[in-house]
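Participant: Structure in structure tokens, see below.
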Amino acid sequence: MKICCVKTESIPPAIKAETGAFHIPYSGLIKSESIVWKERQEAEVDENYQQIIPYVLLKSSEGKFACYQRHGNEKRLHGKWSCGVGGHIDEGDRAASFEKTVENGMYRELGEELENFDTAKVELTYLGVINEVESEVGKVHLGLVSVATCNAGYVPIAASELKDMEWKTSVEIEKMEKELWTELAFRLLQQKE
């Protein structure tokens, strides 16, 4: 399966050089001509490219966040808490613009992870970019972070992969052992508020 990647050289130097959370405007962040569709197994080991990962914080109308303990394929994250829903952008998500491609991938992932996901019942707000250069996995992924705030009365139901999803307050989340991307995403959220 081919996934959406961007040439590492096309990412602004201030982002690609360090682990961090960056408030960067979405429009113009990645130029369409910088996008490359690579086989996932190749992209996972090629630091000349970064895989674009929409990473969405799901927030209830009461201000709680959907969180779950990691299990899945990535063994290094087992047991750590994640508050981000998302994943790779598949070639089937491809659209005329980079922005629409990301949106398609993000909504597809949310639809896979949540049984009753409804785009009309959330307000989506882009927060920024997260980058991580501390691990081999981090060096080949670039997160585009958004928060999806649910309308009053709408409560998404987790599909099987997120079956242990719980709604947590910001105070509870601060005390949990979290994956790095969740920590970085909340840093963006706190800077925005």
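Participant: Of the numbered conditions (1) closer than 19 Å to Val147 by Cβ; (2) crowded, with 17+ Cβ neighbours inside 10 Å; (3) touching a Phe, Trp or Tyr at 6+ places or on another chain (Cβ under 6 Å); (4) of a type outside the set (Asp, Glu), Ile30 satisfies every one except a single condition; which is it?
Facilitator: Of the numbered conditions (1) closer than 19 Å to Val147 by Cβ; (2) crowded, with 17+ Cβ neighbours inside 10 Å; (3) touching a Phe, Trp or Tyr at 6+ places or on another chain (Cβ under 6 Å); (4) of a type outside the set (Asp, Glu), the odd one out for Ile30 is (1).
Participant: Give all pairs with beta carbons closer than 9 Å in which a residue from region 1-18 that is without any contact (Cβ under 8 Å) to a residue 24 or more places away in the chain and exposed (fewer than 15 other Cβ atoms within 10 Å of the Cβ) meets a residue that is not hydrophobic (A, V, I, L, M, F, W, C) and not in a helix (DSSP H, G or I); count only pairs at least 6 apart in sequence or on separate chains.
Facilitator: Ala14/Gly20
Participant: Would you say Leu144 is surrounded by 14 or more Cβ atoms within 10 Å (Cβ to Cβ), in contact with a Pro (Cβ under 6 Å, 6 or more places away or on another chain) and either closer than 27 Å to Glu62 by Cα or of a type in the set (Asp, Glu) (or both)?
Facilitator: Here the answer is yes, as Leu144 does meet what is asked.
Participant: Continuing with this model, one more query. Restricting the search to region 120-144, which residues are assigned to a helix (DSSP H, G or I) and without any contact (Cβ under 8 Å) to a residue 60 or more places away in the chain?
Facilitator: Hits for region 120-144 are Ala120, Lys121.
Participant: Let me ask you something else. Just to be sure, is Glu174 loosely packed, with under 13 Cβ neighbours inside 10 Å and not in a loop (DSSP other than H, G, I, E, B)?
Facilitator: Taking the combined requirement at face value, the residue satisfies it.
Participant: Yes or no: Ala66 out of contact with any Ser or Thr (no Cβ under 8 Å at 6 or more places or on another chain) and buried (at least 16 other Cβ atoms within 10 Å of the Cβ)?
Facilitator: no
Participant: Taking the condition at pLDDT 90 or above, surrounded by fewer than 20 Cβ atoms within 10 Å (Cβ to Cβ) and either farther than 18 Å from Leu29 by Cα or in contact with a Lys or Arg (Cβ under 9 Å, 6 or more places away or on another chain) (or both), does Asn151 pass?
Facilitator: Against the criterion (at pLDDT 90 or above, surrounded by fewer than 20 Cβ atoms within 10 Å (Cβ to Cβ) and either farther than 18 Å from Leu29 by Cα or in contact with a Lys or Arg (Cβ under 9 Å, 6 or more places away or on another chain) (or both)), Asn151 qualifies.
Participant: The conditions are (1) surrounded by fewer than 20 Cβ atoms within 10 Å (Cβ to Cβ); (2) not in a loop (DSSP other than H, G, I, E, B), and Met106 fails exactly one of them. Which is it?
Facilitator: Met106 satisfies all of (1) surrounded by fewer than 20 Cβ atoms within 10 Å (Cβ to Cβ); (2) not in a loop (DSSP other than H, G, I, E, B) except (1).
Participant: Continuing with the same structure: Mind checking whether some residue in region 115-123 is within 20 Å of Pro12 (Cα to Cα) and surrounded by 12 or more Cβ atoms within 10 Å (Cβ to Cβ)?
Facilitator: Within region 115-123, not a single residue is within 20 Å of Pro12 (Cα to Cα) and surrounded by 12 or more Cβ atoms within 10 Å (Cβ to Cβ).
Participant: Out of the strands (runs of 3 or more DSSP E) lying entirely within region 1-63, which hold 2 or more residues that are within 23 Å of Gly111 (Cβ to Cβ)?
Facilitator: 2-7, 35-39, 49-59
Participant: How do the pairs read when you match residues in region 61-79 that are within 14 Å of Glu177 (Cα to Cα) and at pLDDT 95 or above with residues anywhere that are aliphatic (A, V, I, L, M) and assigned to a helix (DSSP H, G or I), using Cβ under 7 Å and keeping only pairs 6 or more apart or on different chains?
Facilitator: Cys67/Ile173
Participant: I'm trying to understand the selection: among the residues of region 158-171, which are hydroxyl-bearing (Ser, Thr, Tyr) and not in a helix (DSSP H, G or I)?
Facilitator: Passing the criteria: only Thr169.
The values are calculated or read from the model by the stated rules, or taken from the named source; none is laboratory data. Source: prediction; values computed, not measured. Note: ideal-geometry Cβ built from the backbone for every residue, glycine included; neighbour counts use all protein chains shown.
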